[in-house]
Amino acid sequence: TAFMFACLWGNKDVVQLLLDNSDRIDFNARDKYEDTALMKACRNGHKDVVQLFLDHLGSTIDMNARNKYGDTAFMRACSSGQKDVVQLLLDNSNKIELNATNDFEITAFMFACLWGNKDVVQLLLDNSDRIDVNARSNDGSTGLILACYNGHKEIKNMIELHSMRVQN
């Protein structure tokens, strides 16, 4: 839809115009992968557009919608390393399922570890009072295991250091 493309490309003015005419827009419309406009904005790091969604929550926007694989917008932001969007969503965590899992029981934290997004991993570790950094996927993997599997030594070290701090 036009709304999805505006979110995909981060065209804040068009998104705002469409949000203002919300009686004609399906904010939860999906593409062939069942991604929503919010997922597209999060994946591409369009913080200003995501903020518009958060400001417009009086509508029927599903902030925790899931795509074909069960991924959420928060997962999309974490997997693509969008630190500013992740921080914005963390700041509004009363509206977001931070520990949601997809169809493979993978969390946003695990995605950040898997793809080597160390800034996002650190941000999530800093919020470990709200983020389950020890969650396991359906094959038993954790964020630490996924980081090691993909050779992300820095992330492995960050998680181990965090674990030592928490234990002490």
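The values are calculated or read from the model by the stated rules, or taken from the named source; none is laboratory data. Quantities reported herein were computed from a predicted structural model and do not represent experimental measurements. Using ideal geometry, Cβ is built from the backbone for each residue, glycine included, and neighbour counts are taken over all protein chains shown. Each accessible area value is taken on the protein alone, full model and side chains, heavy atoms only, with ligands, DNA and RNA left out. Shrake-Rupley method; radii C 1.70, N 1.55, O 1.52, S 1.80 Å.
Out of all the residues in region 141-157, is one or more out of contact with any Pro (no Cβ under 7 Å at 6 or more places or on another chain), of a type in the set (A, V, I, L, M), free of Cβ contacts under 8 Å to residues at least 12 places away in the same chain and assigned to a helix (DSSP H, G or I)?
Among the residues of region 141-157, at least one is out of contact with any Pro (no Cβ under 7 Å at 6 or more places or on another chain), of a type in the set (A, V, I, L, M), free of Cβ contacts under 8 Å to residues at least 12 places away in the same chain and assigned to a helix (DSSP H, G or I), which makes the answer yes.
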>> Out of the residues in region 103-119 meeting the condition of being more than 23 Å from Glu154 (Cβ to Cβ) and in contact with a Ser or Thr (Cβ under 8 Å, 6 or more places away or on another chain), tell me which one is most open to solvent (accessible area, probe 1.4 Å).
In response: Phe104
>> Return the residues of region 65-91 that are surrounded by fewer than 16 Cβ atoms within 10 Å (Cβ to Cβ), within 24 Å of Asp26 (Cα to Cα) and either charged (D, E, K, R) or at pLDDT below 95 (or both); say none if nothing qualifies.
In response: Lys68
> Has region 132-139 got any residue that is part of a loop (DSSP other than H, G, I, E, B), touching an Asp or Glu at 6+ places or on another chain (Cβ under 9 Å) and among the hydroxyl-bearing types (Ser, Thr, Tyr)?
Replying inline: yes
>> Test of understanding: among Ser80, Ser128, Ser93, which residue is in contact (Cβ under 8 Å) with a residue 12 or more places away in the chain, out of contact with any Gly (no Cβ under 9 Å at 6 or more places or on another chain), of a type in the set (Gly, Ala, Ser) and within 22 Å of Arg43 (Cβ to Cβ)?
In response: Ser93
> Could you say whether any residue in region 146-156 is acidic (Asp, Glu), touching a Phe, Trp or Tyr at 6+ places or on another chain (Cβ under 9 Å), over 22 Å from Asn64 (Cβ atoms) and loosely packed, with under 14 Cβ neighbours inside 10 Å?
Replying inline: no
